[in-house]
Amino acid sequence: MQRWTRNTIALVAVIAVAGVGVAEYVTSSAPSNPCSGVALGLPSGNSSAASLTHLVSHGASAPTGRLVPHRVRPASASPLPVVAAENFWGSLVSQLGGNQTSVLSIVTDPNADPHEYEANTSDARAIASADFVIVNGVGYDQWALDLIAADGNSNQIVLNVGDLNGVTVGGGIVSGNPHMWYNPVYVNRTVAAMYSDLVSLRPSATSIFQANYAAMNVTLGQLYARANEIRAQFAGTIVASTESIFVYLANYTGLDLISPPAFMEAIAEGNDPPPQSVVQFECQLESGKVRVMVYNEQTLTPIAENMKAIAAANNVTVIGVTETIQPINPPVTYQVWMNAQYLELQNALNANALGS
């Protein structure tokens, strides 16, 4: 991939904005202010993405009776074999299933980019023998969908979280954003679907699933209460992100995420962002308006590292988030992991507010 630096792209983008031709670029000298003429998009009210309706102030709503094949397993003391492509969905289904399920989460490595995961024969065997398989979808774990198609097990139930929530590849920064576990609305809907699927597989354990579902409502409600606190305290605060993983949470908490969508999408997909978006992002960070910048600890690139440095040099508080649950040793639940990230965001916004 071609790497762009500030010196080589600043003038290109400024000229592109001004409509100057290539021939003029060759003979022109750099302007004294490389951000002159660059549209910063400050402030704009969630300018980077379509706003997400703030629907959730409590835990997951009651199951809605999602229609799934009714495949009752014979009565058995053995737990249902369940495979989750990623550990965030695995944590949630494990809490719902309790001792009625044996859950294997495949993508768990906190030091790897989940987008680049490559399946192996152990993954294929696990998926083929599972009664219930949960995949993220939206191009995030195509390897899992390929294994499901190859195993030919018509008796298993497959929950595709992207399909459930109407999120599809190519849908843009929100409706095509695969990081759905950062969206409380989507998490609630997914937990409800997991509940319905487990009841379909083992109706004899319905009372157990109901009790576990009620307990999850409490812990998810506590998690969302913190998100609602952030919205109440800091809605409208200008923030930035190096990639699209933060879009859902920024919109839910009412933060004004201004980073260029093209930049965020490119970094999330492992590509070089368009040069003009790089310059725009740098100028945003240097504007003195951005309070906090979020980056993905598992998908850092040289360009993202450069943005971290620029943010720090301009008194922008920088915090990291992760794609998969951390830590894994000792293991923590989805709620504990996510709450820690909410708390870090809240503390960063508080610290910046006190500093200003």
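All of the numbers you see were taken from the coordinates with simple rules; none came from a lab. Quick caveat: nothing in here was measured; it's all calculated off a predicted structure. A quick note on method: Cβ atoms are made from the backbone with ideal geometry, for glycine too, and the neighbour counts reach across all protein chains shown.
Which order do peptides 299-309, 93-103 fall in by mean Cβ count within 10 Å, highest first? The partial results should precede the final answer.
Details: 299-309: 17.0, 93-103: 20.1.
Output ranking for 299-309, 93-103: 93-103, 299-309.
Would you please put 189-196, 111-118, 277-284, 336-343 in order of how densely packed they are, using the mean number of other Cβ atoms within 10 angstrom per residue and starting with the highest?
Details: 189-196: 22.9, 111-118: 14.0, 277-284: 24.8, 336-343: 18.2.
Packing proxy ranking, top to bottom: 277-284, 189-196, 336-343, 111-118.
If you bin the C-alpha pair distances of region 80-223 every 5 Å from 0, what whole percents do you get?
Reading upward from the zero bin: 2, 10, 20, 22, 21, 15, 8, 2, 0.
With a Förster radius of 22 Å, plug the Cβ-Cβ distance of residue 118 and residue 168 into 1/(1 + (r/R0)^6) and report the FRET value to the nearest 0.05.
0.40
Largest first and to the nearest Å, give the Cα extent of region 173-261 along each principal axis.
50, 28, 14
What FRET efficiency, computed as 1/(1 + (r/R0)^6) with R0 = 45 Å and r the Cβ-Cβ distance, is obtained for residue 146 and residue 332, rounded to the nearest 0.05? Don't skip to the answer; put the middle values down first.
Numbers: r = 30 Å, r/R0 = 0.67.
Efficiency, rounded to the nearest 0.05: 0.90.
Please work out how much length the chain gains when fully extended from residue 271 to residue 218, using 0.36 nm per residue of separation minus the C-alpha to C-alpha distance, in nm with one decimal. Could you put the intermediate results ahead of the total?
Working: separation 53, 0.36 × 53 = 19.08 nm, distance 3.98 nm.
Result for the pair: 15.1 nm of gain on full extension.
If you stretched the chain out fully between residue 99 and residue 154, how much longer would it get, using 0.36 nm times the residue separation minus the C-alpha to C-alpha distance? Can you show the working numbers first?
Details: separation 55, 0.36 × 55 = 19.80 nm, distance 2.47 nm.
So the chain would gain 17.3 nm between residue 99 and residue 154.
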